[in-house]
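To start, the structure itself, in structure tokens.
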Amino acid sequence: MTATRLQVGSGPDTIRVLKTALVEGLLPDTYVSAGSLVHMEAVSGGITTAADDDSPLPVTASPVTPAGLAGLLATHAYVYRLKTRKDAGGNPEPYEEETTPPRDILGSVLAGKTWPGLPPLRGIIGAPVLRRDGTLLQQPGYDPTTGLYLAAKVALPPVPDHPTADQVDAARRFLLGAFLRDFPWASHADRANYIALLATPILRHFTRSLTPFALIDATMPSSGKTILTAGPGMLYGQRIMPWAYSDEELRKSITAVLAEQVGVVVWDNLAEGTVIDSAVLAQLVTTGVWSDRQLGASRNIATVNDRLWMATGNNLQVGGDMASRTVRVHLDPDMPQPELRDQSGFGIPHLDQWITAPANQLTVLWHLLVLVLDWTSQGAPRITGVTMRQFTPWAQSLGGFLHHHGIDGFLTNAADVRGIDEDETRWRAFLTCWHDRHDSRPMTAAELRRDAEPDTAAGETVDNWGGQFITTSSGRLPNPLQLGRLLTGQAGRWRGHHVIRTGRSDRGDRAVFWVEHHQP
């Protein structure tokens with residue numbers, strides 16, 4: 001193939017020539033993202049050998065820098081300038097000299113934010129997804145309709161828009177009777193919730209919805225948590241990260257990973273009993289665009305939040321607002337050493353190794369897509385009776401998908417999620433004990449705090465609250481000022497059948513608090 005010839009001259013002339021050539025499509029696989037040029041290129045060395053390894057996509061969209069542009073021009077164009085020299089007779093003759101424009105010239109070419117005619121890149125996906133019109137984006141490469149680039153991790157044969165009854169039955173048998181059969185699900189809800197999460201990356205653009213946080217935990221190690229996260233992770237690209245135990249570090253890690261081309265982010269193997277209670281995480285899963293200061297720079301960046309966020313661990317808890325923003329998948333092998341289970345009768349023995357093979361990932365994806373397209377071919381019916389705060393569109397769509405295929409239990413373990421809500425449990429116990437001791441008598445924060453002091457009689461110390469008095473984040477009893485702030489922040493919020501009310505004292509100079517109890 002003959003390279004495009006570009007004659008350049010002075011600095012301004014070179015800028016105009018290169019800018020025009022770029023806008024007219026000089027460079028293949030070049031797109032516009034947030035006003036800047038990006039070039040699609042293959043990623044070398046992205047080999048995944050275990051379910052808990054990072055699984056990057058095979059291509060990435062690299063921002064075009066001056067140095068990168070110099071390399072691309074050398075590959076795809078013949079950039080030259082005309083010069084003169086004397087021939088054998090001493091007469092001037094013109095000749096072409098191939099050249100690389102100076103770095104400052106290349107920087108000026110890339111400085112603009114307007115690139116008319118170049119296609120916009122809205123994201124890179126690792127496996128097929130449903131477009132908003134319900135058709136399946138399954139052709140590798142750039143899709144003009146969505147602005148997405150499909151960089152398939154596995155080579156997938158075309159999936160029919162209207163799968164046959166035999167194909168649908170085979171897909172159900174494989175997913176339910178083989179792939180997911182031998183996990184120690186604590187309930188039907190846990191299996192249904194997982195299938196919904198597995199299908200979420202396929203349906204995200206179609207449902208146009210936020211996606212809740214996914215918590216996959218178990219009572220014992222070696223129960224299969226990592227294999228479950230590898231399901232969507234290896235199909236759509238996954239990034240495994242250590243849990244950040246401060247909101248500031250968590251925010252930094254979120255901003256950094258959103259710059260990577262992966263569809264699934266997993267905080268793997270949190271410490272046993274970890275309480276997931278983060279305002280940053282609660283904000284993340286309820287915002288479609290994540291804004292934060294760019295690491296190492298002073299400017300803010302905004303990134304579309306189109307990831308599936310997951311965490312795994314044993315006996316995890318949630319706190320604060322995360323209880324209503326979390327879908328839980330709980331495993332309970334009910335045995336001391338789950339890793340020693342006899343796998344000879346399993347639907348797929350040694351699934352942790354099986355899932356790492358690209359051919360097997362193709363099998364999972366194929367059957368999952370067959371079920372999705374069977375649902376959409378029937379009009380993609382939704383379940384209207386289910387709600388989940390900001391995630392109701394997601395819940396109704398995925399609930400409809402599961403109901404269509406006879407998979408029951410979706411989100412019916414919501415009460416279990418509230419049961420592992422550490423924040424809810426502490427406040428419920430505190431309000432119950434408070435009401436038992438003082439009924440609905442108004443009290444100042446100072447009076448209530450004095451009541452928390454243990455009684456000392458006959459040389460023994462007795463805690464009349466039985467350890468249920470509310471504490472600060474450091475686990476200490478609050479002083480009256482801290483207690484007043486805590487109570488004010490909880491006024492009107494129901495904890496079970498108890499609620500804190502607040503008002504003014506008879507003299508009107510002090511805030512008072514009391515607990516109301518309402519029988520169900």
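The values are calculated or read from the model by the stated rules, or taken from the named source; none is laboratory data. All of these numbers come straight from a predicted model, not from anything done at the bench. Because the Cβ atoms are built from the backbone with ideal geometry, glycine has one as well, and the counts that use them run over all protein chains shown. The protein model used for the area step is the full one, side chains on, heavy atoms only, and it has no ligands, DNA or RNA in it. Shrake-Rupley method; radii C 1.70, N 1.55, O 1.52, S 1.80 Å.
If the only charges are +1 at each Lys and Arg Cβ and -1 at each Asp and Glu Cβ, what is the size of the charge dipole of the range 68-201 around the Cα centre, to the nearest 20 debye?
The calculation lands at about 320 debye.
When the dipole is taken about the Cα centre of the range 93-146, and only Lys, Arg (+1) and Asp, Glu (-1) are charged at their Cβ, what size is it in debye, to the nearest 20?
680
Would you mind getting the accessible area per residue of the range 166-270, heavy atoms of the protein chains only, 1.4 Å probe, in Å²? Present the calculation step by step, with values, prior to reporting the outcome.
On the way: 3280 Å² over 105 residues.
Value for the range 166-270: 31 Å² per residue.
Over the C-alpha atoms of the chain, what are the Rg and the largest Cα-to-Cα span, Dmax, in Å?
Both quantities, over Cα of the chain: 29.7, 121 Å.
Express the accessible area of the range 416-520 per residue in Å², computed with a 1.4 Å probe while the remaining protein chains stay in the model. Present the calculation step by step, with values, prior to reporting the outcome.
Numbers: 6210 Å² over 105 residues.
Roughly 59 Å² per residue, with all protein chains present.
Which residue, chosen from 193, 303, 265, occupies the Cα position most advanced towards the positive end of the dipole of the range 157-311, where the dipole is computed from +1 (Lys, Arg) and -1 (Asp, Glu) charges on Cβ about the Cα centre?
303
Nearest-5 percent of antiparallel DSSP beta bridges in the chain?
On the way: 41 of 73 bridges.
Of those bridges, close to 55 percent are antiparallel.
Of the heavy-atom accessible surface of the chain (probe 1.4 angstrom), what whole percent is carbon and sulfur?
Carbon-and-sulfur percentage of accessible area, whole number: 50.
Please compute the net charge surrounding residue 248, taking Lys and Arg as +1 and Asp and Glu as -1 over other residues with Cβ under 13 Å from its Cβ.
Counting the neighbours of residue 248, the net charge comes to 0.
How large is Rg over Rh for the range 56-142, taking Rg from the Cα atoms and Rh as the Kirkwood inverse mean of 1/r across Cα pairs?
On the way: Rg = 21.2 Å, Rh = 17.4 Å.
Answer for the range 56-142: 1.22.
Can you count the Lys pairs in the chain whose Cα atoms are under 28 Å apart, with each pair 8 or more apart or on different chains?
Values: 19/83; 19/113; 113/252; 153/225; 153/252; 225/252.
Final tally of qualifying lysine pairs is 6.
Nearest 5 is fine: what % of DSSP beta bridges in the range 7-163 come out antiparallel, could you say?
The antiparallel fraction comes to roughly 80 percent.
Positive end of the charge dipole of the range 113-182 (Lys, Arg +1 and Asp, Glu -1 on Cβ, about the Cα centre): tell me which of 171, 160, 130 has its Cα farthest that way.
The Cα lying farthest towards the positive end belongs to 130.
How much space per residue, in cubic angstrom, does the convex hull of the C-alpha atoms of the range 188-243 take up?
107
I'd like the trypsin sites (Lys or Arg not before Pro) in the range 459-520 restricted to DSSP loop residues with at most 15 other Cβ atoms within 10 Å, sorted by number.
Of the trypsin sites (Lys or Arg not before Pro), the ones in loops of the range 459-520 whose Cβ has at most 15 other Cβ atoms within 10 Å are 476, 493, 507, 510.
Could you tell me the relative contact order of the chain? Use alpha-carbon pairs under 8 Å, at least six residues apart, and round to a whole percent.
Reported as a whole number, the value is 14 percent.
Under unit Cβ charges (Lys, Arg +1; Asp, Glu -1), what dipole magnitude, rounded to 20 debye, does the range 317-415 have relative to its Cα centre?
Dipole about the Cα centre, nearest 20: 440 debye.
Would you mind working out the accessible area per residue for the range 273-368, using a 1.4 Å probe, and quoting it in Å²?
43
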